[in-house]
Structure formats: C-alpha cells, structure tokens
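Just so it is clear, none of the values below were taken in a lab; they were calculated from the coordinates. The structure displayed is predicted, hence computed values, not measured ones. All Cβ positions, glycine included, derive from the backbone under ideal geometry; neighbour counts span all protein chains shown.
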Amino acid sequence: MADWMKNVEPLTLKGQIAVPYSWWVGATGSRFLIALRDEKKIMGSRCGECGTVYVPPRKNCGRCFRDMDEWVELGNEGEVKSFSIVHTPFKLHPAKAPFAYALIKLDGADVALLHIVTGGLDALKRGARVRAKFREERTGHILDIESFELLP
Ligand SMILES: [Zn+2]
C-alpha cells in the first residue's frame, strides 16, 4: 500500500449504471428457445444416469454432473409449487402488475420453471394447475411464453 493511503478512510459510494449487453445462450439454451419460438414447444433435458428431467434444459445434470444430450418435449401444463404476487408496478417487470412470479413444475419435469402467472390471482394457490400461453409473435425469448394461466 502506498504511504499516502495509510491514513485515508476507505470510503465508498453507491451508484447504479445501465449496461445493455447480449450474450450467447449456448447450444442447449438456443435449442430450448428456438423450440419455443418456432414450434411453441417446451423442451427439457433428461439425465441418462438418474433420469432427472430439467426445464429449462441444462447441459449437465446438477445431481450427478453428467453431460446430458437427451431431449424431451414437455406438456404446456403444470402445477404451481410456489408463488409470490407482485402488486407494485415497475417498468422492468415482465407483466403489468398485479401478476405472480411462480415456480411451475411442468408435467413430465422434475424441477420447477420460474415464470409468471397472470389473471385469476385470487384463486392462485400451491398445487393450482396452469397452462402456458404463447405470444403470437415470438422472438426466441423465455417470454415467448407470455404467461401461465390458471386452469379451471
Ligand atoms: Zn443425473
């Protein structure tokens, strides 16, 4: 440390900057998002060792750390495992409040997908059945699934 710094209090200031960026989602992420965009299909990956089905798909199993290359098409319906309702509007939210962030275990998957539920929030509860609603114009983004909607 330089001598002139020995008696200087290390003061910091908080700030915030916006940094637009893009990144490659990888081969696994690309296949997942292209299936959403082009086919309205939700694809997962299955581990050949333990059989765990992940969605979004992963390249490696989080349980046994093996590479995965088996793809499975999942249904568009699933069960809400947990949720949190958002009431406060904010420009970066993926939907107009109120909506719910929810962990949704799609039929055929072993892990939950984080997405949003819109509409019918008064009836939303753990175990509720939901169905994916796809956007008409899709771009290869997780929000090509506009939201999940409660099933009667
Ligand atoms: Zn595994």
Given the alpha-carbon gyration tensor of the stretch 1-151, what are the semi-axes of its equivalent ellipsoid in whole angstrom, ordered largest first, with each equal to the square root of 5 times an eigenvalue? 35, 24, 17
Count neighbours as other Cβ atoms within 10 Å of each site's Cβ, and list the GluC sites (Glu not before Pro) in the stretch 68-152 that are DSSP loop with at most 16 such neighbours. E136, E137
Subset of K59/K125; K91/K133; K14/K91 violating a 26 Å alpha-carbon distance limit: K59/K125
What number do you get for the stretch 67-113 when its Cα radius of gyration is normalised by 2.2 N^0.38 Å, N = residues? 1.49
Helix 26-39 vs. the chain, principal-axis angle (Cα, 0 to 90°, nearest 10): 40 degrees
Sorted from largest down, give the three principal axis spans of the alpha carbons of the stretch 1-62, whole angstrom values. 62, 31, 17
Reach of K41 by Cα under 15 Å, taken over aspartates and glutamates that are not fewer than 8 positions away in the same chain: E73, E77, D107, E136, E137, D144, E146
